[in-house]
Amino acid sequence: QVQLVESGGGLVQAGGSLRLSCATSRIIFSISTMGWYRQAPGKQRELVAAITTGGNRNYADSVKGRFTISRDNTKNTVYLQMNSLKPEDTAVYYCNAGVGSSSYWGQGTQVTVSS
């Protein structure tokens, strides 16, 4: 069974920063595009950022210039550095590992940004 273990969520004031982490097995990590998604109450889950095995990144327009996704291949971990947080960034953030037609999800971590 594939497990993605997330950490790093919490409560922060607007303008603050948080770093999310997501670890998984070496086998899955080495062949997967890793991504972060988020889901706010009453809204659909949306892609925040993703990074391929080759290091190519893409971001949602709403987070460009504020969030940075990275991956550490020695730790089988993907990170999401979130700076200049806004109240509209409040959501449950989910880690995702995608390989071929398969997609695996973490349990989600809550990020709350107060104004």
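Solvent-accessible area of the chain (1.4 angstrom probe, protein heavy atoms only): carbon and sulfur portion equals 46 percent.
If you take the beta carbon distance between Trp105 and Ser30 as r and set R0 to 25 Å, what does 1/(1 + (r/R0)^6) give as a FRET efficiency, to the nearest 0.05?
Numbers: r = 18 Å, r/R0 = 0.74.
Computed FRET efficiency for Trp105 and Ser30: 0.85.
Cα gyration tensor of segment 1-63, axes a ≥ b ≥ c as square roots of the eigenvalues: rounded (a/c below 1.5), prolate (a/b > b/c) or oblate?
Values: a/c = 1.76, a/b = 1.50, b/c = 1.17.
Cα axes put segment 1-63 in the prolate bin.
Charge dipole (Cα centre; +1 on Lys/Arg Cβ, -1 on Asp/Glu Cβ; no other charges) of segment 1-110 amounts to roughly 120 debye.
A 1.4 Å probe run over the protein chains yields, for segment 1-75, 59 Å² of accessible area per residue, whole-number rounding. Using just its DSSP H runs of length 4 or more, each adding -39500 (n - 2.57), the chain gives a mean residue ellipticity at 222 nm of -1000 deg cm²/dmol after division by all residues.
Around Ala23, what is the net charge, scoring Lys/Arg as +1 and Asp/Glu as -1 over all other residues with Cβ under 14 Å from its Cβ?
Details: positive: Arg19, Arg26, Arg71, Lys75; negative: Glu6, Asp72.
The answer is +2.
The figure for Asp61 is an accessible area of roughly 120 square angstrom, using a 1.4 Å probe on the protein chains alone. Per-residue Karplus couplings for segment 14-29, computed as 6.51 cos²θ - 1.76 cosθ + 1.60 with θ equal to phi - 60°, are listed in order as 3, x, x, 10, 9, 10, 9, 10, 8, 10, 8, 6, 4, 5, 5, 4 Hz, Gly and Pro entered as x. Anisotropy class assigned to the chain is prolate, per the alpha carbon gyration tensor with a/c at or over the 1.5 cut-off and a/b larger than b/c.
Excluding same-chain neighbours fewer than eight residues apart, the lysines reachable from Lys86 by a Cα-Cα span under 21 Å are Lys43, Lys64. Exposed loop sites were defined as trypsin sites (Lys or Arg not before Pro) in DSSP loop states (anything but H, G, I, E or B) carrying at most 14 other C-beta atoms within 10 Å; in the chain the longest segment without such a site runs 1-42.
The values are calculated or read from the model by the stated rules, or taken from the named source; none is laboratory data. Model, not experiment: these values are computed from the prediction. No Cβ is skipped: glycine too gets one built from the backbone with ideal geometry, and neighbour counts run over all protein chains shown. Protein only, heavy atoms only, side chains kept; ligands, DNA and RNA dropped before computing areas. Shrake-Rupley method; radii C 1.70, N 1.55, O 1.52, S 1.80 Å.
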